[in-house]
Amino acid sequence: MERVILPPAEWRKRPDLSELVDTLGDARFVGGSVRDTLLGFPVADIDLATPLSPTAVMDRLKAVGIRAVPTGIEHGTVTAVLDSGPVEVTTLRHDVSTDGRRAKVAFTDDWPADAARRDFTINALYADPKSGEIFDYFSGLEDLDARRIRFIGDPLQRIAEDHLRILRFFRFLARFGDVPDRQGLDACTARAKDLMALSRERIADELLKLLVAQDAVRVTGLMIERGIFLPVLPEIASVDGLAKLSAAEQSAAIAPDPIRRLSALLPRDAATADQVGARLKLSNAQRKRLIAAGSPLPQASPEALAYRFGQQTATDLLLLSDRTVDARLVRDWAVPRLPIGGGALVARGLAKGPDVARALRAVEDRWIAEGFPDVARVNTLADEAVAQVLREPR
């Protein structure tokens with residue numbers, strides 16, 4: 001494997017990152033940036049670990065004019081705000097106590113002890129920023145080569161420390177893994193009910209990330225087979241809908257979407273979608289999409305769907321109905337605006353009020369039904385709608 005964590009070109013792009021490393025003195029890249037670089041993936045976030053105390057980190061950054069935000073200082077994390085992007089700097093730690101949801105930590109200068117509290121071996125890789133040397137205390141490089149997701153230490157104990165590691169095990173398997181570590185898989189199966197102790201927001205966050213991972217269909221099927229969802233999402237009983245949706249997304253060349261994929265795992269029922277969205281504490285916008293995707297597909301043209309419900313919801317409905325050609329059409333279609341307003345109807349003789357709203361709705365309905373014709377046709381429709389209202393008895 002390459003021993004350089006960031007290519008030289010990346011360093012040249014981020015001189016402020018080099019300044020940060022020099023300021024800290026004793027620091028190493030850790031976790032995802034090391035793992036993803038070794039796999040040849042783009043690096044999204046950069047984390048640094050250091051034996052310096054959080055106070056010392058703050059003082060050093062302040063001394064050189066780097067803005068420091070104590071984002072999680074009780075757990076040792078300070079965010080260095082650089083022009084090229086934020087970097088989290090965390091003091092080496094070891095766990096004092098855990099309850100499955102949060103940990104009480106103590107700071108240390110022991111690198112292996114810090115590595116030992118991390119979840120998986122592939123996330124416990126460190127790299128010296130200057131030499132590129134990799135520090136691997138738990139055979140993470142070997143597991144990375146094998147595409148194996150393996151807990152550090154006893155899986156049952158690691159899950160007891162943080163129940164979210166059950167979902168993280170499967171998310172990392174879906175993104176980076178090939179075959180699951182058997183001991184870890186059995187531990188997740190045995191402790192699936194521990195998920196009930198977690199906040200639904202944390203469950204939703206992990207689940208939505210998992211559903212758009214590269215191997216989400218296979219891994220979700222494995223989770224269903226192992227009963228992982230039963231304690232918190234018993235509505236998810238089959239992977240068939242997700243498999244069909246994934247195939248439709250690929251055929252239409254439309255990127256996977258987590259809310260759409262969650263909908264594919266649920267029964268096609270708006271009430272069920274509403275219940276699940278509420279339970280997971282999704283945002284209002286996400287819940288509306290989930291409910292719409294769980295509703296029957298209206299009898300309308302793809303363009304009419306996009307106009308009535310928005311391109312995103314229309315795309316969801318069409319892909320979930322395996323109408324890939326129509327989904328591509330909606331994706332590339334510029335949704336028009338009705339080229340007339342209520343003022344034009346008042347100018348034609350209608351009094352302001354409900355008559356205008358009713359006539360405008362009639363114009364819009366015919367405009368949609370006729371396939372969104374041009375302004376000349378809309379003016380004709382407006383004349384007809386106004387005449388109809390004026391003929392009605394008062």
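The values are calculated or read from the model by the stated rules, or taken from the named source; none is laboratory data. Keep in mind that this is a model prediction, so the values were computed, not measured. Because the Cβ atoms are built from the backbone with ideal geometry, glycine has one as well, and the counts that use them run over all protein chains shown. Protein only, heavy atoms only, side chains kept; ligands, DNA and RNA dropped before computing areas. Shrake-Rupley method; radii C 1.70, N 1.55, O 1.52, S 1.80 Å.
Observations
- Candidates R118, R175, R171, filtered to the one that is assigned to a loop (DSSP other than H, G, I, E, B), closer than 19 Å to V34 by Cβ, among the basic types (K, R) and open to solvent by 30 Å² or more (accessible area, probe 1.4 Å): R118
- Checking each residue in the stretch 299-309 for being open to solvent by 30 Å² or more (accessible area, probe 1.4 Å) and either closer than 23 Å to A334 by Cβ or touching a residue at least 60 places away in the same chain (Cβ under 8 Å) (or both) picks out A300, S301, E303, Y307, R308, F309.
- Listed by first and then second residue, the pairs with beta-carbon distance under 8 Å, at least 6 apart or on different chains, first residue in the stretch 357-384 and within 19 Å of W333 (Cβ to Cβ) and open to solvent by less than 30 Å² (accessible area, probe 1.4 Å), second of a type in the set (V, I, T) and not in a loop (DSSP other than H, G, I, E, B), are W367/V378; V378/V363.
- When the residues of the stretch 48-71 are filtered to those that are open to solvent by less than 50 Å² (accessible area, probe 1.4 Å) and part of a strand (DSSP E or B), the one that is farthest from T23 (Cα to Cα) is V69.
- Residue match in the stretch 196-208 (condition: in contact with a strand residue (DSSP E or B) (Cβ under 6 Å, 6 or more places away or on another chain), at pLDDT 95 or above, surrounded by 20 or more Cβ atoms within 10 Å (Cβ to Cβ) and not in a loop (DSSP other than H, G, I, E, B)): no
- Condition met for R323 (open to solvent by 20 Å² or more (accessible area, probe 1.4 Å), closer than 30 Å to G221 by Cα, touching a helix residue (DSSP H, G or I) at 6+ places or on another chain (Cβ under 8 Å) and not β-branched (V, I, T)): yes
- The residue pairs whose first member lies in the stretch 275-298 and is over 23 Å from P234 (Cβ atoms) and in contact (Cβ under 8 Å) with a residue 24 or more places away in the chain, whose second member is open to solvent by less than 70 Å² (accessible area, probe 1.4 Å) and assigned to a helix (DSSP H, G or I), and whose beta carbons are closer than 7 Å, counting only pairs six or more residues apart or on different chains, are L297/L317.
- Checklist (1) modelled with pLDDT under 95; (2) within 27 Å of the chain's Cα centre (by Cα); (3) open to solvent by 20 Å² or more (accessible area, probe 1.4 Å) applied to D136, failing item: (2)
- Filtered residues of the stretch 326-343 (kept if in contact with a Leu (Cβ under 9 Å, 6 or more places away or on another chain), free of Cβ contacts under 8 Å to residues at least 40 places away in the same chain and not in a loop (DSSP other than H, G, I, E, B)): D326, L329, V330, G342
- Residue in the stretch 78-86 that is in contact (Cβ under 8 Å) with a residue 12 or more places away in the chain, assigned to a strand (DSSP E or B), open to solvent by less than 40 Å² (accessible area, probe 1.4 Å) and closer than 24 Å to V219 by Cβ present: no
- Neighbours by Cβ (under 7 Å, 6+ apart or cross-chain): first from the stretch 223-243, small (G, A, S); second part of a helix (DSSP H, G or I): G227/T189; G227/A192; A237/I224; S238/I224; G241/A264; G241/L265; A243/V217
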